[in-house]
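Scroll down for the structure; my scribbles are underneath it.
The values are calculated or read from the model by the stated rules, or taken from the named source; none is laboratory data. These numbers were taken from a predicted model, which means no experiment stands behind them. Here Cβ is always computed from backbone atoms with ideal geometry, including for glycine, and neighbour counts include all displayed protein chains. Remember, those area values only see protein heavy atoms, side chains included, never the ligands or the DNA or RNA. Shrake-Rupley method; radii C 1.70, N 1.55, O 1.52, S 1.80 Å.
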Amino acid sequence: AWADFIISEMPMPPKQLCTDDFEGPEANNTNLVVKGLLAVEAMAGLFDYAGNKTAASYYRGKIPGFLAFWLEHALASDGSHYKREYNLDDTSFSLKYNLLYQLIMNATVFPGKVLSTELNYYSTKQAQKYGIPLNDRASFQLTEYQGGLIGMAYNSSEIRAQLIDQLYKFADETPSRDPFGDRYDTKTGAQLGFHSFIARATIGEIFSLLLISADKSDTYQMRRP
């Protein structure tokens, strides 16, 4: 099964492309590990629905060890955020936009502190006029990822309002002629990608907040420290 391949790549995925393929391949991508662990949990959930508790337990049992490694090695030394790669210094960061799927799945793989730590770091340390940069390598963002962060901040009205305001400003003030493009510079609002990042279905992620149910208020507490 695909979940078995994911398990074989954990907890240190080798150099490979990920969703952010326009930035080139990367090893030890911590956001990719987030996606992988949630995928394994999804497989366990499918077996739960199928009534195969043995298989569900097998896949779910693989998660704690990988998660413990991630929590220890991805965390910056000052505890402020989780790095882009395990082996990079504390100046590295990346949007852990894959955490959105934990909320959509109503899963409990990652502790609530992971999400609140990341969101607080984005909003206080990395925020630009038009959004949160994708990672430390560049100042650009994708509209759908900015929208995904809005869903992730469902329990923090302050951070959520900041993210929405940034996205609105980009759409309203961008100097580019493409209407509401989905790859742009967070400092200038300029559309990037030579008109290739327009009218893509991925932009639907700006509605991610609609997928997050209100019953998660006891799972995560989005409060500034």
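Modelled label positions at residue 211 and residue 108, each set 7 Å beyond Cα in the direction of Cβ, lie 2.2 nm from each other.
Shape analysis of region 1-154 based on the Cα gyration tensor places the equivalent ellipsoid semi-axes at 27, 17, 15 Å, largest first.
What helices does the chain hold that run 20 Å or longer along their axis, going by alpha-carbon atoms, with a Kyte-Doolittle average of 0.5 or more, using DSSP H for the helix calls?
Values: long enough: 30-50 (30 Å, 1.07); 157-173 (23 Å, -0.50).
Result, helices passing both filters: 30-50.
Over 23 Å between Cα atoms, which of 96/125; 15/35; 53/96; 35/187; 15/187 qualify? Before the final figure, lay out the partial values.
On the way: 96/125 15 Å; 15/35 16 Å; 53/96 30 Å; 35/187 28 Å; 15/187 30 Å.
Those over the limit are 53/96; 35/187; 15/187.
Here the accessible area of region 1-99 is 59 percent carbon and sulfur, with a 1.4 angstrom probe and all protein chains present.
For region 1-48, what class follows from the C-alpha gyration tensor (a ≥ b ≥ c being the square roots of its eigenvalues): rounded when a/c is under 1.5, otherwise prolate if a/b is larger than b/c, else oblate?
prolate
With the charge dipole of the chain set up from +1 on Lys and Arg Cβ and -1 on Asp and Glu Cβ about the Cα centre, the Cα lying farthest toward the positive end among the listed residues 202, 151, 32 is that of 151. Label-to-label distance, residue 49 versus residue 2, with points set 7 angstrom from Cα along the beta-carbon direction: 1.4 nm.
In a simple Cβ point-charge model (Lys, Arg +1; Asp, Glu -1; nothing else charged), region 2-111 has a dipole of about 400 debye relative to its Cα centre. Per residue, region 1-74 exposes an accessible area of 51 Å² to a 1.4 Å probe, with every protein chain left in place.
Per residue, how many Å² of accessible area does region 99-180 show with a 1.4 Å probe? Could you put the intermediate results ahead of the total?
Details: 3240 Å² over 82 residues.
Computed with neighbouring chains in place, this is 40 Å² per residue.
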